[in-house]
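Asker: Structure incoming, see below.
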Amino acid sequence: MTDQPDTQLDARLDALGIKYSLLPYQIPYLKQFLTVGDVRGRDVLEVGGALPREIVIDCLGSNSWTCTESPAYDEELGTANQQTIAGFSSQEGAYRTLLRNIEDFDSGYDGKFDYIFSIACFEHIAKFPQALDAMYRCLRPGGILFSMFSPLWSSHSGHHLYHIQIPERFARDA
């Protein structure tokens with residue numbers, strides 16, 4: 001895109017964010033992503049989410065948009081997320097959704113994407129080095145990884161990585 005804001009596009013994205021009840025950060029982070037590159041005619045991999053087809057294909061004009069979400073995500077959120085996760089079975093045309101951890105992508109995805117878009121996801125990835133390796137492999141030469149993530153912090157019980165626990169020998173008071 002350009003450094004100059006496209007007020008018509010901004011307004012359309014804002015309206016679509018409301019239509020789809022997106023979280024308050026999703027459209028602003030998407031707009032920030034669009035300052036990095038133009039997705040028109042490009043192939044994009046979204047790691048850790050699934051922006052609606054109407055936004056990424058119909059409005060932004062991506063050639064293809066592939067979404068991937070961890071299979072454990074619906075287990076963590078319980079039944080409240082079943083409607084969202086139900087969409088992770090599509091292999092239709094330019095918009096695809098996969099219920100698969102990024103670190104489990106096989107070589108069939110290597111070099112397939114111009115951009116990787118990931119917001120509010122990195123703090124949930126347990127196998128972070130493997131995930132970054134897989135993302136790098138998925139990018140075409142010159143491809144760009146765009147990620148916005150927070151908060152990251154350490155605590156006794158971790159943050160979003162509830163299956164990772166501090167060993168008891170470190171959790172005891174000295």
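Asker: Pull up all non-local amide H partners of residue 98: gap of 5 or more, or a different chain, and H-to-H distance under 5 Å with H placed in the peptide plane.
Answerer: HN-HN under 5 Å from residue 98: 67, 68, 69.
Asker: What number comes out for the charge environment of residue 11, summing +1 per Lys or Arg and -1 per Asp or Glu over other residues with Cβ under 13 Å away? Numbers along the way, then the final one.
Answerer: Details: positive: 12, 19, 31; negative: 6, 10, 14.
Once all neighbours under 13 Å are counted, the net charge is 0.
Asker: Sticking with this structure for a sec: If the cut-off is 26 Å between C-alpha atoms, which lysines fall inside it for residue 127, apart from same-chain ones fewer than 8 positions away?
Answerer: Qualifying lysines at Cα under 26 Å: 112.
Asker: Would you grab the residues whose amide H sits under 5 Å from the one on residue 64? Only those 5+ places off in sequence or on another chain, please, with H modelled 1.01 Å from N.
Answerer: 42, 43, 44
Every number here is computed from the coordinates shown, using simple stated rules; none is lab data. All figures in this text were calculated on a predicted structure; none of them were measured in a lab. All Cβ positions, even for glycine, are placed from backbone atoms using ideal geometry, and neighbour counts span all protein chains on display.
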